[in-house]
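**Q** Encoded as structure tokens, here's the structure I'll be asking about.
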């Protein structure tokens, strides 16, 4: 099965805000965070069920990936993976 990664507008906006927030303190940390997280998201095509079933949703196809204190929620479909949102684990916005 070959999946296509789709980043929703909601995720893109939240991700941009987080990277901007990190950059206010340290630009190099923001760049590293952005690049590394994008690699993790892109790697979902190989093992989409690697991360736990979401604690925020009832579907087996919605998963929570954790990365440096953030939760990335994504949904697995037949031919695509939609990255739905990202938020600080201490401040869920679901």
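**Q** Starting from residues that are closer than 21 Å to residue 78 by Cα and part of a helix (DSSP H, G or I), keep the ones in region 1-30 and report whichever is farthest from the chain's Cα centre (by Cα).
**A** That would be 9.
**Q** Hey, another quick one. Considering only residues of region 49-77 that are under 12 Å from the mean Cα position of the chain (by Cα) and either more than 25 Å from residue 19 (Cβ to Cβ) or touching a residue at least 24 places away in the same chain (Cβ under 8 Å) (or both), which is surrounded by the most Cβ atoms within 10 Å (Cβ to Cβ)?
**A** The residue in question is 74.
**Q** Does residue 33 satisfy the condition of being surrounded by 14 or more Cβ atoms within 10 Å (Cβ to Cβ), in a loop (DSSP other than H, G, I, E, B) and free of Cβ contacts under 8 Å to residues at least 40 places away in the same chain?
**A** So residue 33 does not fit the description; no.
Per-residue answers, yes or no, for (1) modelled with pLDDT under 95; (2) exposed (fewer than 11 other Cβ atoms within 10 Å of the Cβ); (3) in contact with a strand residue (DSSP E or B) (Cβ under 6 Å, 6 or more places away or on another chain):
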| position | (1), (2), (3) |
| --- | --- |
| 1 | yes, yes, no |
| 9 | no, yes, no |
| 12 | no, no, no |
| 19 | no, no, no |
| 23 | no, no, no |
| 39 | no, yes, no |
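The values are calculated or read from the model by the stated rules, or taken from the named source; none is laboratory data. Here the structure is a predicted model, which is why all the values come from computation and not from measurement. Cβ sites come from the backbone with ideal geometry, for glycine too, and all protein chains shown count toward neighbours.
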